[in-house]
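The values are calculated or read from the model by the stated rules, or taken from the named source; none is laboratory data. Not measured: the values here are computed from a predicted model. Here the Cβ positions follow ideal geometry from the backbone for every residue, glycine too, while neighbour counts run over all protein chains shown.
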Amino acid sequence: MRTGVIGIGHGKFGRREVTVQELAFEPFREALDDCGLHQKDLDALIVGSSPEYHRQRSLSGVVAEYLGMNPKPTFLVEAACASSSAALATADAYIRAGIYDTVAVLGVQKMLELSTPEILALMGRVGDVQWESGFGTTFPGYYAMFAHRHMYEYGTTREQMAAVAVKNHHYGAKNPNAMFQKEITAEKALASRMVASPLTLYDCCANADGAACMIVTNEETAKKADTPIWMAGLGSATAPMSVLRREKLSEIPSAIDAARNAYKMAGIEPKDVDVADVHDCFTIAEILAYEDLGFCEKGGGGKMIEEGETHIGGRIPVNVDGGLKSKGHPVGATGVSMAVEAVKQLRGEAGERQVDGAEVALMHNVGGIGQYCFVNILRR
Amino acid sequence: MGKLGKVDFVPFSKVDGIEERLKEGKISATRCKKCKNIYLPPRMDCPECLDEEMEWVDCEGKGTLVTYTTIHAAPAGFEDDAPYTICLVDVEGGGRLVGWLDGKEEDLKIGMGVSVGIRDLPEERMIYFVTPEE
C-alpha cells in the first residue's frame with residue numbers, strides 16, 4: 001500500500017493583504033484543478049500551521065468552511081516550523097490505514113498581521129521560557145550559537161554561509177512564488193547588518209504569509225493519475241528543545257534520526273537523492289543539513305557549498321526553489337511548500353530550475369530549533 | 001522562573017527553592033536521590049527513573065564556554081540592553097547554564113575556562129554573569 005501525490009498548489013509567499021482563509025483558498029483551488037477533483041472527492045482536510053501567529057482561533061475549522069469543505073472532517077497539526085510536514089505524515093498514515101482514501105493537506109501561515117511589538121514578544125518566547133528566554137535569547141541567536149560552535153569545531157567560515165544565501169537567492173530569482181525574486185552578492189550579504197553574531201540579515205530567512213496545498217490519495221486512485229508521485233519514506237524525530245540539554249550544538253540531532261528513518265523506509269542511501277529541499281531558516285542551517293542528512297561527512301558542509309556541489313549540475317542540488325531564504329518562511333506552509341517543489345521536480349515541471357531526470361526528492365523540515373524534524377522522501 | 005532572568009515568563013514551577021539559593025549567591029542544580037543524576041537547569045522530576053525525590057546541590061561556578069552570540073536584534077523587554085552577549089557554559093559538576101557576558105565578545109574563545117556569578121538586576125531580578133578566566 002503506497003500513498004501517492006496527485007495534485008499540487010502553491011500560493012505567492014510574501015506580504016499578502018488577505019485573510020488566512022483567503023490565503024489558503026489559492027493553493028487549494030490550484031491543487032484541485034491540478035488533479036481534476038472536487039471537494040466532494042476529498043475525505044478530509046488536514047491543516048498544518050503554527051497557531052500563535054494568528055488572530056483567528058480554531059484555524060482549521062475556519063479554513064475548512066471557507067474552502068467549502070463542510071461537513072468533511074478537519075483538524076490542525078502543529079510542529080512549529082514543521083507543522084505541514086507533520087500534517088503530510090498524518091495524512092499518509094490515515095490513507096495507509098484505509099480510514100481515508102483522499103486527503104487535502106494544507107500548509108498555511110499568516111505572519112504579517114501581527115504588530116511589531118507582538119512579533120518582538122513572540123520572538124522572546126522561542127526558546128525554553130523557564131530557563132533561557134529570561135536571558136533574551138532569540139531565534140537567530142540560537143542558530144548563531146550553532147554557527148559559532150560549527151566554526152570552532154570545523155573551521156566553517158562566514159563566507160561559506162554567505163554562499164548559501166547567494167545560491168538560494170540565485171534560484172529564488174527564478175521562482176515566481178518566492179518573496180524575494182532577486183540575486184544577491186556575497187559582498188552585500190557579508191556587509192549587511194548584524195542580527196546575532198556571526199549571523200547578519202542575509203543569513204536569516206524572513207517571516208512571510210503563504211500557503212501551499214497537496215492532494216494525496218491511496219495507491220489505486222493515484223495509479224489513475226498521469227504522473228503520480230509516491231511517498232517513499234517518512235522519518236521524524238525529536239531532540240531537546242533546550243540548548244542546555246542538548247549534547248552537541250554543531251548538529252540538529254533530530255534531523256540525523258529522522259533522516260535515518262526516512263532512508264530506511266525508502267530503501268535508499270543519501271547518494272540516491274537527486275534533489276533536496278532543506279530547512280535553511282538560517283544559512284548555517286543548510287550547512288548543518290548537508291551533514292545531518294549524510295550528503296557529506298561531518299564538518300564538510302562548508303566545503304560542499306563552496307565547491308558548488310549543491311548547485312544544479314552539482315552532486316545533490318539543494319533548495320533550487322530558493323529555499324526559505326528566498327521564498328520566505330510562512331512557518332506552517334513551509335513543509336508542504338517543500339513537498340510541492342519536490343513534486344514539480346519529479347514531474348519534470350520545474351522549468352528553469354529543473355534538475356534533469358530527478359527520480360528521488362528529499363524534504364528536510366525542522367521545527368523550532370530542532371525539537372522536531374521531519375524528513376520525507378518522494379519518488380516517481 | 002522566580003527571580004532568575006531579566007523577564008519572567010513562568011509564574012509557577014516545582015523548582016521553587018531556587019530563588020532563596022540565588023539570593024545566597026548559590027548556583028544550584030538538583031540531584032535525583034535515586035539515580036544520582038544531576039540536573040542543571042534544575043528540575044524536580046527525574047526523567048531517567050521517573051522518581052520525584054530530588055535534592056539541591058551547589059556548583060562551584062566554574063565552567064567551560066560552549067558557544068556564544070551577541071544579540072543585536074533584541075526581543076520585547078531587552079530593547080535597551082542590546083547588544084548583549086549570551087554565553088552557554090558547561091558547569092563543572094554537571095549541567096549547563098546560559099549567562100550574560102561580562103566583557104568583550106572579541107575576547108571569547110570557545111573551550112576557554114570561565115567563571116559564573118550572580119548579579120542583581122532592577123526590580124529584584126537576578127541573572128547569571130559569565131567572566132572569562134585569564
Cβ-Cβ below 6 Å, separation at least six or inter-chain, first residue in the stretch A:19-42 and under 17 Å from residue A:74 (Cα atoms), second at pLDDT 95 or above and part of a helix (DSSP H, G or I): which pairs? A:21/A:62; A:21/A:63; A:21/A:66; A:24/A:63
Unmet criterion (only one of (1) in contact with a strand residue (DSSP E or B) (Cβ under 6 Å, 6 or more places away or on another chain); (2) closer than 17 Å to residue A:136 by Cβ) for residue B:110: (2)
Cβ contacts < 7 Å: first residue within 7 Å of chain A (Cβ to nearest Cβ) and closer than 15 Å to residue B:132 by Cα, restricted to the stretch B:65-90; second residue polar (S, T, N, Q) and assigned to a loop (DSSP other than H, G, I, E, B), any location; separation 6+ or different chain. Result? B:69/A:197; B:86/A:137
Quick one: which strands (runs of 3 or more DSSP E) lie wholly within the stretch B:27-122 and hold at least 1 residues that are modelled with pLDDT of 95 or more and of a type in the set (Gly, Ala, Ser)? B:27-32, B:62-71, B:96-101, B:113-121
Is it the case, given these coordinates, that residue A:294 is over 22 Å from residue A:3 (Cβ atoms) and without any contact (Cβ under 8 Å) to a residue 40 or more places away in the chain? yes
Just to be sure before I move on: is residue A:48 closer than 12 Å to residue A:333 by Cα and not hydroxyl-bearing (Ser, Thr, Tyr) in the structure I sent? yes
Can you report the number of residues in the stretch B:111-134 which are surrounded by fewer than 17 Cβ atoms within 10 Å (Cβ to Cβ), in contact (Cβ under 8 Å) with a residue 12 or more places away in the chain and more than 12 Å from the chain's Cα centre (by Cα)? 7
Could you go through the stretch A:301-311 and let me know if any residue there is basic (Lys, Arg), crowded, with 24+ Cβ neighbours inside 10 Å and in contact (Cβ under 8 Å) with a residue 40 or more places away in the chain. no
Those residues that are under 24 Å from residue A:255 (Cβ atoms) and free of Cβ contacts under 8 Å to residues at least 12 places away in the same chain, I need them from the stretch A:77-128; list them, please. A:93, A:125
At the interface with chain B (Cβ under 8 Å from one of its Cβ atoms), under 25 Å from the mean Cα position of the chain (by Cα), among the polar types (S, T, N, Q) and part of a loop (DSSP other than H, G, I, E, B), is that true of residue A:137? yes
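Name every residue in the stretch A:144-158 that is more than 7 Å from chain B (Cβ to nearest Cβ) and either without any contact (Cβ under 8 Å) to a residue 60 or more places away in the chain or buried (at least 24 other Cβ atoms within 10 Å of the Cβ) (or both), in order of residue number.
Hits for the stretch A:144-158 are A:146, A:147, A:150, A:151, A:156, A:158.
Each row is one residue, and each column tells you yes or no for (1) of a type in the set (Gly, Ala, Ser); (2) on the phi < 0 side of the Ramachandran plot; (3) modelled with pLDDT of 95 or more.
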position: A:146; (1), (2), (3): no, yes, yes
position: A:155; (1), (2), (3): yes, no, yes
position: A:216; (1), (2), (3): no, yes, yes
position: A:222; (1), (2), (3): yes, yes, yes
Output the residues belonging to the stretch A:10-32 that are surrounded by fewer than 24 Cβ atoms within 10 Å (Cβ to Cβ) and not in a helix (DSSP H, G or I). A:12, A:14, A:15, A:16, A:17, A:18, A:19
Picking from A:221, A:185, which residue would you name as being closer than 23 Å to residue A:306 by Cβ and of a type in the set (Val, Ile, Thr)? A:185
For the condition basic (Lys, Arg) and touching a strand residue (DSSP E or B) at 6+ places or on another chain (Cβ under 8 Å), what is the one hit in A:271, A:264, A:224? A:264
Regarding residue B:50, is this residue hydrophobic (A, V, I, L, M, F, W, C) and away from chain A (no Cβ under 12 Å)? yes
Testing residue A:286 on (1) surrounded by fewer than 24 Cβ atoms within 10 Å (Cβ to Cβ); (2) touching a Ser or Thr at 6+ places or on another chain (Cβ under 9 Å); (3) not β-branched (Val, Ile, Thr), one condition comes back false. Which one is that? (1)
For the stretch B:53-64, enumerate the residues that are farther than 30 Å from residue A:151 by Cβ and either within 12 Å of chain A (Cβ to nearest Cβ) or touching a Ser or Thr at 6+ places or on another chain (Cβ under 6 Å) (or both). B:54, B:56, B:58
